[in-house]
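Colleague: So that we are looking at the same thing, I have put the structure below in structure tokens.
The values are calculated or read from the model by the stated rules, or taken from the named source; none is laboratory data. Keep in mind that what you see is a predicted model, and the values were worked out from it rather than measured. All Cβ positions, even for glycine, are placed from backbone atoms using ideal geometry, and neighbour counts span all protein chains on display. Quick note on the areas: whole protein, heavy atoms, side chains included, nothing else; ligands and nucleic acids left out. Shrake-Rupley method; radii C 1.70, N 1.55, O 1.52, S 1.80 Å.
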Amino acid sequence: MLTQLQGQIERITYVNQENGFTIAKVRIRGRRQLATVVGNLASPTPGEVLSMQGEWVKHPRFGEQFKVSHFESQAPSSIYGIQKYLGSGLIRGIGPVMAERIVEKFGKDTLDMIENKPQKLSQVPGVGKKRIEMIKIAWEEQRDIREVMLFLQSQGVSSGYATKIFKQYGSQSITVVQENPYRLALDIFGIGFIIADSIAEKLGFSKDSELRAEAGILYVLNKLTEEGHIYFPYESLLEKCQSVLDANREVIVKAFASVVEEKRIVIEDTNLEVDEFTPNQKEVYLTTLHHCEVGIAHNLRVLTSTAKSIRKIDTHKAIDWVQTQLAITLAGRQIQAVNSALEDKVMVITGGPGTGKTTIINAILKIFEKLQVQIMLAAPTGRAAKRMREATGHQAKTIHRMLKYSVQKGGFQKNEINPLKCDLLIVDEASMIDSVLMHHVLKAVPPQATFVMVGDINQLPSVGPGNVLKDIIASGAVPVVELTEIFRQAQESSIVVNAHRINRGQLPKLEPDRQQLEDFFLVEQEDPEEVLRIILELIKERIPKRFGLDPLKDIQVLTPMHRGIVGSENLNLELQNALNPRPDGITRGGRSFRVNDKVMQTKNNYEKGIFNGDIGRITRINPESQQTHIAFDNREVLCEHSELDEIVLAYAISVHKSQGSEYPAVVFPILMQHYLLLQRNLIYTGITRAKTLVVMVGTKKALSTGIKNDKTRKRYTSLQRRLAG
């Protein structure tokens, strides 16, 4: 039997943004101790009064809890409750101190004053016209958001998405959701098809609804692009859609025709001959990705077939001259690479660490400088561009900055109509560049320019869809120079030597060399709890003490997994408590952020100029303005608290997210519980992120299993075929 309960929220212990599950401490009249209340609560706020229906349950670990099945919210009426309510960060412009002043002035009439006579707030010290306007807007917005939240809650939706839905659709939010809930999955980051589908079901949409089938196809295709695919085979995609949607084949086939007609997908028929024995070879693309892949192939052909803007020179003399100028002797492959950059329009230089890629770039730059031509250098990430700048002494930009991305003007401003002003473009870390970004790069390269791609083909492919560098190399459409020789200076680094051993399928050398301070270790341990303890000890004490490295700035934990004891999620919580144990902070979506936390952006935010994988440090949290200040590469960015779902802790990150970055020290857990994810290129990518120290913690068996696994996950792309054809 359901119990009726009324109480005031004292504090929020936990909120899961994915499903809205909340744990709150509630003050109940007549009870001395705070009650623990659990359930899906719409945007719970300290001070708020809840009239709840539910039942008392006994949790085996946490004791007595009140499990809410239904609730109604009302504004607090006591002075204490009002002050708690206003000071919770609910209203921008009112923090705990200001809340105390306002309530002291207006008492129980405070909320009525804000609602109906906000100008009277000027009687409170520190409240001017500007702050009154801010409070008015925030109060009205909260009222509208609350209405949206209560509607969504009635549809079983997490309250965490209400602010985003309201931001996207404003006063039309409820109308949009009622007419086509599937729009949420396409328009709003974080809301997937599954959530939109559950709303649609509650609103009475049929399982065989065409809107549902169309949204389902786009959802499945988008999910597949997250795995790196540019297209997916038609029949396999049809099966996946049937499985996800649990709908008839005919409904899905009909929906395919609709989304093709709406130009949201492209179906390419690659059957050479069609008969009853030929399997269906159709390829299904999201329209954007099809456009990008076709564009890459077209623009590479234009580039390779257009004459150079640079005058012809004697390459032998140029190479002799540059060796004298730089006081170096180039190896055979290095000479071949420099020669190709002078002779050819487009080329690729690929090789592992210590094989002299930077030496080649410097030689090419020296010769082109002598020719007095315009040169541009770029890399996919800020850190990679900074490294390029330090290694060459030349200005190097991120690709986004080079192409001048503008939110206001809508996209990259550098393109075929407004191309880059250069005769030579060198792009480093090219293995990281996905199909969408490479399409935009090639659109902006002037046809007469020389384009040099530099990258390590043995690293993990791009996080985004495509396998661009690998496909370009495999197509044979442009000259490729592969560097394999490790130079003498690099041979002194166990990191470099072991990276090449791993790349050849061999175990790294782990015997210590007593002649020098080693830079590559495996601490053997198979118990995950012990691995966690060792990692914490290494980062807090052992590495800083022995190598003089800063635990926050210099040491990065890279892990193959997100979940589990040594997955990134748990490691981040443990490392945050070990390295930044502050009592203050802010909790959003079940994640706590504190000043000085190391954090990472997980989504490209063009407006702020921060991108997926950028790492920063929280410098300030302002509960009054509901903004968090984060320093990314000495540039401070303001984040609204509603945008914090784009931010995660970054004490530990996945190997994929580390691409293009370099750290003084890398700590890498490696256990058999990771075996499904252990691949040679993942281990290779992880250890090559380290400059001076690698410490792996785990077992030789797991390390050996990963190194033996050279089967990279297949990505469906057609770029190789388009270039070769």
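Colleague: For E537, E214, write out the residues from largest to smallest accessible area, computed with a 1.4 angstrom probe and no ligands counted.
Modeller: Descending accessible area places them as E537, E214.
Colleague: Distance between the C-alpha centers of segment 632-650 and segment 309-363? Whole Å please.
Modeller: After rounding, the separation between the Cα centres reads 41 Å.
Colleague: While we're on this one: Given R₀ = 56 Å, FRET efficiency for T270-S206 by Cβ-Cβ distance, to 0.05?
Modeller: Approximately 0.95, to the nearest 0.05.
Colleague: On a 1.4 Å probe surface of the protein chains, which of T36, T13 comes out largest in accessible area, and what is the full order?
Modeller: Ranking T36, T13 by accessible area, largest first, yields T13, T36.
Colleague: Sequence-distant or interchain residues sharing an amide H contact under 5 Å with I670, placed H: which?
Modeller: V697, G698, T699
Colleague: Go through segment 442-456 residue by residue and turn each phi into a ³J(HN,Hα) via Karplus (6.51, -1.76, 1.60, θ = phi - 60°); whole Hz please, and just put x for glycine and proline.
Modeller: Here the 3J(HN,Hα) series is 5, 4, 8, 6, x, x, 8, 7, 8, 10, 10, 9, 10, x, 10 Hz.
Colleague: Given charges of +1 on the Cβ of Lys and Arg and -1 on the Cβ of Asp and Glu, with all other atoms neutral, how large is the dipole of the chain about its Cα centre, in debye to the nearest 20?
Modeller: Rounded to the nearest 20 debye, it is 1920 debye.
Colleague: Between Q395 and R143, what is the label-point separation in nm under the 7 Å Cα-to-beta-carbon projection?
Modeller: Distance between the two pseudo-spin positions: 5.2 nm.
Colleague: Past the 21 Å Cα-Cα mark, which pairs from K366/K421; K164/K608; K357/K397; K308/K443; K58/K202? Let's see the in-between values first.
Modeller: Working: K366/K421 19 Å; K164/K608 17 Å; K357/K397 18 Å; K308/K443 17 Å; K58/K202 31 Å.
Among K366/K421; K164/K608; K357/K397; K308/K443; K58/K202, the Cα-Cα distance tops 21 Å for K58/K202.
Colleague: Moving on. Of all beta bridges DSSP finds with both residues in the chain, what is the antiparallel percent, to the nearest 5? Spell out each step's value before the answer.
Modeller: Details: 61 of 101 bridges.
In the chain, approximately 60 percent of DSSP beta bridges are antiparallel ones.
Colleague: Moving to a separate point now. What FRET efficiency, computed as 1/(1 + (r/R0)^6) with R0 = 30 Å and r the Cβ-Cβ distance, is obtained for K370 and E482, rounded to the nearest 0.05?
Modeller: The value I calculate is 0.65.
Colleague: Still on this structure: Pairs K67/K117; K84/K130; K540/K691; K317/K404; K414/K470; K263/K345: which exceed 30 Å Cα-Cα? It would help to have the intermediate numbers written out before the result.
Modeller: On the way: K67/K117 38 Å; K84/K130 23 Å; K540/K691 19 Å; K317/K404 38 Å; K414/K470 25 Å; K263/K345 35 Å.
Over 30 Å apart, Cα to Cα: K67/K117; K317/K404; K263/K345.
Colleague: For F232, what accessible surface area do you get with a 1.4 Å probe? Give it in Å², rounded to 10.
Modeller: Per-residue accessible area (F232): approximately 20 Å².
Colleague: E261 to A724: FRET efficiency via 1/(1 + (r/R0)^6), r the Cβ-Cβ distance, R0 45 Å, to the nearest 0.05?
Modeller: Here the calculated transfer efficiency is 0.90.
Colleague: Per residue, how large is the accessible surface of segment 494-598? Use a 1.4 angstrom probe and give square angstrom.
Modeller: Numbers: 5470 Å² over 105 residues.
With the other protein chains kept in place, segment 494-598 gives 52 Å² per residue.
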